[in-house]
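Step one of this worksheet: look at the structure below.
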Amino acid sequence: QFEFPPNTVLVSAVYAVSLSKPLLKRLKLEIQHCIDLTGRPDLAQYLKFAIAPVSTPNLPYQFKLVEGGEFSSNTGYGSIQRKKFCLVCILGEEWTNGGGNGVLIASVNAVTEGEEEEEEQQPQQEENEEEEDNDDQEEEQNEERGKEEEEDDNDSNSDDDTSTSSTPPGASGACKESTTKETNLPTNTVSVAGPTTMPNTDHVNKAQSTGVRKAVTYAGLVYYEEKGIEDMVTFTAAKNLEALIQYIERKHSLAEIGPDTSFSFKFPYDYVELNVTAEQDEPFTGWILRPHTKPTRLYQEAIDKFGDKEHSRPSCCLISVYGSPDAVPFLNYFIPLEGVVRPVALNIHKARRNFTVLVSPTTSPTTSSSSSNTITEATASSTGGASASATVDVDKVKKVINSVLVSQFAALSSLPKEAIPKLANELYAVHLINSAVRDNPSVEKFIDEFKASLTFMAEMSDVQEHCLKFLNSFLAVSGSFTSAAKFLYQKWIEAIKTELGIDFIININF
């Protein structure tokens with residue numbers, strides 16, 4: 001759908017700038033690009049804004065470079081002033097000649113806004129005069145052709161440094177042949193955001209890469225999905241992080257998205273590989289990671305195609321993760337990325353699943369059928385193996401949970417007051433507090449509401465879910481509230497283990 005000038009590569013998303021009313025003054029557009037300018041501010045000279053009309057009679061949209069625009073080496077954004085509606089993007093120029101003058105090969109002259117207006121006015125005038133001028137134009141062309149043939153015969157043995165430009169019959173689409181005045185060197189350039197054919201470098205002044213393609217930064221992230229008794233971990237990457245997240249939220253709505261990371265491909269690698277067998281600093285006894293492909297790679301060409309009409313799904317690597325009942329409680333498994341400029345590793349973080357198995361009262365003589373708050377369960381022990389059947393009194397568990405909350409009241413009250421309203425909104429969203437507490441929030445009221453709801457819970461699964469919602473609300477606020485959630489979680493586990501001798505497991509990822 002898009003055709004870009006020769007010798008360019010798309011380094012941003014394409015945006016449509018359109019409003020319901022005409023613009024009365026210039027609009028400053030800020031667009032994120034994927035070129036890493038850190039320590040290389042000189043690359044900014046090869047970044048250009050390009051535009052195309054919002055409405056066009058025929059596809060593809062023809063983009064032209066425009067003058068102006070600023071590119072900050074600190075933010076990864078480019079800005080430009082515009083007063084007309086259009087499609088807009090950022091392009092990177094790929095090649096210069098090797099003569100030391102930095103002249104771009106097959107570069108296209110940028111147009112100003114004044115020239116844009118002239119171009120828009122000219123088609124109407126040309127349509128009105130076209131029929132009148134057809135005959136005269138044909139006659140003039142015939143005369144000029146005759147003169148050119150005569151000059152060619154006279155100058156066939158002399159050097160000619162003038163530039164020419166031609167498109168061979170049948171040449172169409174993205175690949176066009178052109179020549180430049182500076183090098184008089186034919187170039188074949190693919191004007192899409194994919195691999196570009198390198199110009200012929202047999203000439204004395206050899207073409208040199210601007211370094212733009214090597215400086216492209218990519219966003220990678222991991223997301224988790226439950227698949228039966230195992231977890232499916234997916235690593236995927238794209239130039240545009242927001243597009244990647246939107247895809248996951250739309251197609252994998254139940255997935256848990258981990259933190260994102262950025263990377264650039266290291267020459268001469270054209271792929272990034274996950275080193276799944278790397279040595280680990282933390283124990284992972286009882287955990288199994290099994291990649292679905294070997295080697296476990298994402299190729300740059302495949303990553304770049306995401307967003308094309310025929311490539312609506314991003315390239316990805318799948319890893320199955322399984323934790324046995326006697327596995328260490330938490331998995332922190334770091335997978336280095338190979339083939340990247342700066343060292344980076346993905347952290348596969350998982351908590352061991354709760355393997356609690358309820359035992360029927362008729363099969364356990366220690367179970368009291370008269371108590372609705374007592375269940376018998378076999379729990380997975382973190383020290384190895386499953387413990388013997390243990391009778392668990394849910395009321396006792398609730399009592400320990402409440403006592404921990406009360407003992408940590410002073411610590412919880414020290415959390416920043418400015419974020420208390422946000423915590424109130426999170427708790428209200430999961431129905432842990434009522435609207436009156438939300439409108440007049442305090443830590444004391446949150447705890448009172450939590451304890452009141454806990455009183456009416458008779459099943460261990462309900463107690464676990466209640467605690468999980470409470471902790472997740474703290475995590476959603478982030479900052480010191482995340483630390484508070486981890487602290488409270490650990491205190492609950494330790495207290496219940498110490499006082500009741502059982503493992504209290506909440507499936508939560510910090």
Residue satisfying all of: in region 442-473; free of Cβ contacts under 8 Å to residues at least 12 places away in the same chain and among the acidic types (Asp, Glu); farthest from Ile493 (Cα to Cα) among these: Asp448
Top-ranked residue in region 420-455 [being of a type in the set (Asp, Glu) and surrounded by 13 or more Cβ atoms within 10 Å (Cβ to Cβ); ranked as nearest to His466 (Cα to Cα)]: Glu449
Residues that are closer than 18 Å to Tyr489 by Cβ and in contact (Cβ under 8 Å) with a residue 60 or more places away in the chain, drawn from region 408-441: Gln408, Ala411, Leu412, Leu415
Conditions (1) within 20 Å of Arg353 (Cα to Cα); (2) not in a helix (DSSP H, G or I): number failed by Met457: (1)
Single condition Phe2 does not satisfy, out of (1) crowded, with 17+ Cβ neighbours inside 10 Å; (2) at positive phi: (2)
Single unsatisfied condition, Ala378 versus (1) under 30 Å from Val276 (Cβ atoms); (2) modelled with pLDDT under 85; (3) surrounded by 15 or more Cβ atoms within 10 Å (Cβ to Cβ): (1)
Residue match in region 294-302 (condition: free of Cβ contacts under 8 Å to residues at least 40 places away in the same chain, out of contact with any strand residue (DSSP E or B) (no Cβ under 8 Å at 6 or more places or on another chain) and on the phi < 0 side of the Ramachandran plot): yes
Residue check, Asn472 part of a helix (DSSP H, G or I), out of contact with any Ser or Thr (no Cβ under 7 Å at 6 or more places or on another chain) and over 29 Å from Ile348 (Cβ atoms): no
Residue within region 89-107 that is out of contact with any Gly (no Cβ under 6 Å at 6 or more places or on another chain), at pLDDT 85 or above and of a type in the set (A, V, I, L, M, F, W, C) present: yes
Any hit, region 305-318, residues being touching a His at 6+ places or on another chain (Cβ under 9 Å) and assigned to a strand (DSSP E or B): yes
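Being closer than 20 Å to Ile506 by Cβ, at pLDDT below 90 and either among the acidic types (Asp, Glu) or surrounded by fewer than 16 Cβ atoms within 10 Å (Cβ to Cβ) (or both) is the requirement here; does Thr383 meet it?
yes
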Qualifying residue in region 295-302 (condition: more than 22 Å from the chain's Cα centre (by Cα), closer than 30 Å to Lys214 by Cα and not acidic (Asp, Glu)): yes
Filtered residues of region 317-330 (kept if closer than 14 Å to Met232 by Cα and buried (at least 21 other Cβ atoms within 10 Å of the Cβ)): Cys317, Ile319, Gly323
One residue from Leu65, Leu23 being outside the structural domain of Val341 (by TED's automatic domain parsing), surrounded by fewer than 19 Cβ atoms within 10 Å (Cβ to Cβ), touching a strand residue (DSSP E or B) at 6+ places or on another chain (Cβ under 9 Å) and not polar (S, T, N, Q): Leu23
Residue within region 20-35 that is assigned to a loop (DSSP other than H, G, I, E, B), at pLDDT 85 or above and more than 14 Å from Cys86 (Cα to Cα) present: no
Tally of residues being at pLDDT 85 or above, out of contact with any Phe, Trp or Tyr (no Cβ under 8 Å at 6 or more places or on another chain) and assigned to a loop (DSSP other than H, G, I, E, B) across region 40-71: 1
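The values are calculated or read from the model by the stated rules, or taken from the named source; none is laboratory data. Bear in mind that the values here come from a model prediction, so they are computed numbers and not experimental data. Backbone-built Cβ (ideal geometry, glycine too); neighbour counts: all protein chains shown.
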